[in-house]
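Worksheet: one structure, shown below.
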Amino acid sequence: MKNEKLTLIVPVYNEQKTLDLFYNETERILKDIDIMIEYLFIDDGSKDNSLKIIHKLADTDKRIHYISFSRNFGKEAAIYAGLKNAAGDYITILDADLQDPPSLIPKMLHSVIEEGYDCVGTRRVNRKGEPPIRSFFARIFYKLINKISKTEIVDGARDFQLINKKVANAILSMSEYNRFSKGIFGWVGFRKKWIEYENIERAAGETKWSFWKLFLYAVDGIVAFSTMPLVLSSFLGILFCMIAFIMILLIITKTLIFGDPTSGWPSLVCIIMFVSGVQLFCIGILGQYLSKTYLETKKRPIYLVEEAKLEDKELSKDVEKDVK
Ligand code: UDP
Ligand code: MG
């Protein structure tokens, strides 16, 4: 175990208040651990002093490496860049705000090295400290996506995972542009163990997730891991054809029996409004899939690097060439 290395991937976006806290706390907990450590901070285009703090930390500790993006690409891109450039035999991803307790790392490492698991995931058993409305919608989202997707997406699962190289390579082989890690980690499979813990509030700073951003993220997740909405819109189409057919029969019969008094236009307006609403809804669903396909076909890089410091290793290929 002594010759093996554990890489800690830390996505960082405007975390000047938490970085020092994170580093000190992690060091305190991992100082006696029986494995070499590499910190890999991914600065996701922070606008505050995060990068300066990372520079300072890297000057004092040789095990600290970093990649800094040219702009904010999102946490998913940061995780991808981290996995691509990690030097460790084992890799863990944890937030800079100490919401993912580093104290679980020794236990997770033990499960992977001694118990033969490929991946150890963590899940919070409650959502203490979170606005109730957010928890409510989160619960609905997980219920819904697990009904309509074949990939299991575990409620409360964090991105805080510890994986071996095998799983890391499997995840990297999924080079899709629209990345939804919660689905990707489930999709690749392998032997997985879950560790549960109580929700911990942020050490400092603020969450980057507004309700609207979370909503869009949920839509991304559904589109990325289920085609059920498309099936649903086809069913709606068939259902409405059947209703229309029955109504035509009814109206013909009614006209034959009672003649043809001109009446019923308010109900007609309602029907037209309703049906066009359903049509727009279905076109919207189609549009979601189309837009994702559009972005995938462009094959844009998932992230671009402004500067980096890595272990004597060249920066991984799909990154800017002129990085020194
Ligand atoms: N983060 C990132 N890019 C982003 C947003 C967030 O790298 O665009 C990082 C952030 O710095 C933190 C982690 O992802 O280390 C989780 O973010 P946050 O704590 O805001 O999310 P929450 O824990 O509230 O879900
Ligand atoms: Mg957080």
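For VAL154, which of the numbered conditions (1) over 21 Å from LEU6 (Cα atoms); (2) within 16 Å of ligand 2 (Cβ to nearest atom); (3) in contact with a strand residue (DSSP E or B) (Cβ under 9 Å, 6 or more places away or on another chain) fails to hold?
Exception for VAL154: condition (2).
Within segment 91-124, how many residues are surrounded by fewer than 22 Cβ atoms within 10 Å (Cβ to Cβ) and more than 16 Å from ligand 1 (Cβ to nearest atom)?
Looking only at that region, the number is 12.
Which members of segment 76-112 meet the condition of being touching a strand residue (DSSP E or B) at 6+ places or on another chain (Cβ under 8 Å) and either hydroxyl-bearing (Ser, Thr, Tyr) or free of Cβ contacts under 8 Å to residues at least 24 places away in the same chain (or both)?
Hits for segment 76-112 are TYR90, THR92, SER111.
Yes or no, residue by residue, for (1) part of a loop (DSSP other than H, G, I, E, B); (2) modelled with pLDDT of 85 or more:
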residue	(1), (2)
ILE105	no, yes
GLY116	yes, yes
ASN126	yes, no
ILE133	no, no
PHE160	no, yes
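Which pairs have Cβ atoms under 9 Å, sit 6 or more apart or on different chains, and link a residue in segment 204-226 that is farther than 18 Å from GLY284 by Cβ to one that is among the aliphatic types (A, V, I, L, M) and part of a helix (DSSP H, G or I)?
ALA204/LEU21; PHE211/ILE133; LEU214/ALA138; PHE225/ILE145; PHE225/ILE148; PHE225/ILE184
Which residue, of LEU230, LEU250, LEU214, LEU236, is away from ligand 1 (no atom under 16 Å from the Cβ), closer than 30 Å to SER175 by Cα and part of a helix (DSSP H, G or I)?
Step by step, each of LEU230, LEU250, LEU214, LEU236 is checked, and only LEU230 is away from ligand 1 (no atom under 16 Å from the Cβ), closer than 30 Å to SER175 by Cα and part of a helix (DSSP H, G or I).
Scan segment 113-150 for residues that are among the hydrophobic types (A, V, I, L, M, F, W, C) and either within 16 Å of ligand 2 (Cβ to nearest atom) or in contact with a strand residue (DSSP E or B) (Cβ under 6 Å, 6 or more places away or on another chain) (or both) and jot them down. Lay out the reasoning, then the answer.
First, the residues of segment 113-150 that are among the hydrophobic types (A, V, I, L, M, F, W, C): 113, 119-120, 125, 133, 136-138, 140-141, 144-145, 148.
Across segment 113-150, the qualifying residues are CYS119, VAL120, VAL125, ALA138.
Is it the case that some residue within segment 19-41 is of a type outside the set (Gly, Ala, Ser), more than 21 Å from the chain's Cα centre (by Cα) and within 10 Å of ligand 1 (Cβ to nearest atom)? Write out each step before concluding.
From segment 19-41, those of a type outside the set (Gly, Ala, Ser) are 19-41; that's our starting set.
If we keep only those that are more than 21 Å from the chain's Cα centre (by Cα) too, we end up with 19-39.
Those still in the list that are within 10 Å of ligand 1 (Cβ to nearest atom) too: 19, 22.
Yes; the residues of segment 19-41 include at least one that is of a type outside the set (Gly, Ala, Ser), more than 21 Å from the chain's Cα centre (by Cα) and within 10 Å of ligand 1 (Cβ to nearest atom).
Failed condition for SER149, given (1) farther than 22 Å from GLU114 by Cβ; (2) within 15 Å of ligand 1 (Cβ to nearest atom), with all others met?
(2)
Looking at LEU40, LEU21, LEU8, LEU51, which is the one that is of a type in the set (A, V, I, L, M), open to solvent by 10 Å² or more (accessible area, probe 1.4 Å) and either within 16 Å of ligand 2 (Cβ to nearest atom) or more than 21 Å from GLU206 (Cα to Cα) (or both)? Don't jump to the end; show me each part of the working.
Numbers: LEU40 fails: open to solvent by 10 Å² or more (accessible area, probe 1.4 Å); LEU8 fails: open to solvent by 10 Å² or more (accessible area, probe 1.4 Å); LEU51 fails: either within 16 Å of ligand 2 (Cβ to nearest atom) or more than 21 Å from GLU206 (Cα to Cα) (or both).
Of the residues listed, the single one that is of a type in the set (A, V, I, L, M), open to solvent by 10 Å² or more (accessible area, probe 1.4 Å) and either within 16 Å of ligand 2 (Cβ to nearest atom) or more than 21 Å from GLU206 (Cα to Cα) (or both) is LEU21.
Just for segment 75-90: of the residues that are open to solvent by 20 Å² or more (accessible area, probe 1.4 Å) and either among the polar types (S, T, N, Q) or over 23 Å from TRP194 (Cβ atoms) (or both), which one is farthest from ligand 1 (Cβ to nearest atom)?
Filtering segment 75-90 for residues that are open to solvent by 20 Å² or more (accessible area, probe 1.4 Å) and either among the polar types (S, T, N, Q) or over 23 Å from TRP194 (Cβ atoms) (or both), the one farthest from ligand 1 (Cβ to nearest atom) comes out as ALA87.
Yes/no per residue for (1) part of a helix (DSSP H, G or I); (2) open to solvent by less than 40 Å² (accessible area, probe 1.4 Å); (3) within 25 Å of ARG123 (Cα to Cα); (4) not hydrophobic (A, V, I, L, M, F, W, C):
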position: GLU152; (1), (2), (3), (4): no, no, yes, yes
position: LYS166; (1), (2), (3), (4): yes, no, yes, yes
position: ARG179; (1), (2), (3), (4): no, yes, yes, yes
position: ILE246; (1), (2), (3), (4): yes, no, no, no
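Between residues in segment 60-75 that are modelled with pLDDT under 90 and assigned to a loop (DSSP other than H, G, I, E, B) and residues that are within 11 Å of ligand 1 (Cβ to nearest atom) and among the hydrophobic types (A, V, I, L, M, F, W, C), which pairs lie under 9 Å by C-beta distance while being six or more apart or on different chains?
Filtered contacts from segment 60-75: no entries.
Which is surrounded by 14 or more Cβ atoms within 10 Å (Cβ to Cβ), aliphatic (A, V, I, L, M), away from ligand 2 (no atom under 16 Å from the Cβ) and under 26 Å from LEU98 (Cβ atoms), of ALA203, ALA218?
On inspection, the qualifying residue turns out to be ALA218.
The values are calculated or read from the model by the stated rules, or taken from the named source; none is laboratory data. Predicted model, so just to flag it, every value in this text is computed and none were measured. Cβ coordinates were reconstructed from backbone atoms using ideal geometry, including for glycine residues, and neighbour counts include every protein chain displayed. Heads up: the accessible areas ignore ligands, DNA and RNA and are worked out on the full protein's heavy atoms, side chains in. Shrake-Rupley method; radii C 1.70, N 1.55, O 1.52, S 1.80 Å.
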